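Right, one structure below, let's go through it.
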Amino acid sequence: MTGYSTSGVRPRRAASSRQRSFHSGVSRSQLQKSSDAQHAQSGVIFSENPSKLRYKGKHLPSIHAADRHWDPLWSVLQETELPLLMHYGSSSNMAQTSEDAPHLVSLASNSFVLPISTTLDWIYSGNLGRFRGLKICMSESQIGWVAPTLERAEYVSKIQTDWNRKYITVAPWQITRRAEARS
């Protein structure tokens with residue numbers, strides 16, 4: 001794991017010197033040390049949509065990448081019990097209704113659109129089925145959209161299972177149950 005590039009991870013120094021996040025080049029031993037010493041105060045900052053970001057002129061892989069590019073990172077996070085921290089808009093990919101719409105339309109709608117699409121990305125990525133201990137924290141996402149999104153995801157999962165089985169590795173209700181069990 002040493003030298004594994006976490007290019008989708010954004011470096012950040014927290015307000016307190018005791019709180020730290022990690023950046024590119026993070027090793028398993030660094031994460032383990034942090035897990036031991038600062039368990040509740042650390043995490044890895046990650047874009048809500050890494051495929052919209054570029055590194056060395058190339059787009060980063062999405063969380064759906066066929067080569068499972070991010071699996072080593074998910075594995076370390078699960079092993080160390082560190083959360084993956086996401087802030088909506090970190091990919092700078094804001095939805096627009098039209099090119100001439102006032103920017104206020106995007107600002108108002110993206111507080112729902114981005115958390116919903118990111119949550120559905122994770123539900124159907126297969127990552128939460130393979131890494132059942134992975135913790136994900138989403139900031140600035142409010143909460144009102146959660147119940148209808150999970151309800152719709154559950155419905156779609158049930159009626160589309162036959163031809164989309166490979167994407168449904170964990171039922172949406174199981175994800176929320178695991179989160180409730182941890183708190």
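The values are calculated or read from the model by the stated rules, or taken from the named source; none is laboratory data. Keep in mind the model is a prediction, meaning the values are calculated, not measured. All Cβ positions, even for glycine, are placed from backbone atoms using ideal geometry, and neighbour counts span all protein chains on display.
Scanning segment 50-104 for residues that are of a type in the set (Asp, Glu) and touching a helix residue (DSSP H, G or I) at 6+ places or on another chain (Cβ under 7 Å) gives a single hit, Glu81. Which of the residues belonging to segment 42-84 are in a loop (DSSP other than H, G, I, E, B) and closer than 14 Å to Ser125 by Cα? Those that are in a loop (DSSP other than H, G, I, E, B) and closer than 14 Å to Ser125 by Cα: Glu48, Asn49, Pro61, Ser62, Ile63, His64, Ala65, Ala66, Asp67, Arg68, His69, Trp70.
Answer yes or no as to whether Ile123 is surrounded by 18 or more Cβ atoms within 10 Å (Cβ to Cβ), touching a residue at least 40 places away in the same chain (Cβ under 8 Å) and closer than 18 Å to Ser90 by Cβ. When the stated conditions are applied, Ile123 does not pass them.
Output the residue which, of all residues in segment 47-68 that are in contact with a Pro (Cβ under 8 Å, 6 or more places away or on another chain) and more than 18 Å from Pro83 (Cα to Cα), is surrounded by the most Cβ atoms within 10 Å (Cβ to Cβ). Among residues in segment 47-68 that are in contact with a Pro (Cβ under 8 Å, 6 or more places away or on another chain) and more than 18 Å from Pro83 (Cα to Cα), the one surrounded by the most Cβ atoms within 10 Å (Cβ to Cβ) is Leu60.
Yes or no, residue by residue, for (1) modelled with pLDDT under 85; (2) touching an Asp or Glu at 6+ places or on another chain (Cβ under 9 Å); (3) within 16 Å of Tyr88 (Cα to Cα); (4) surrounded by 18 or more Cβ atoms within 10 Å (Cβ to Cβ):
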| position | (1), (2), (3), (4) |
| --- | --- |
| Asn127 | no, yes, no, yes |
| Cys137 | no, no, yes, no |
| Glu151 | no, no, no, no |
| Glu154 | no, no, no, no |
| Trp163 | yes, no, no, no |
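Tell me which residues, restricted to segment 91-105, are surrounded by 13 or more Cβ atoms within 10 Å (Cβ to Cβ) and within 21 Å of the chain's Cα centre (by Cα).
To start, the set of residues in segment 91-105 that are surrounded by 13 or more Cβ atoms within 10 Å (Cβ to Cβ) comprises 91, 93-94, 105.
Selection gives Ser91, Asn93, Met94.
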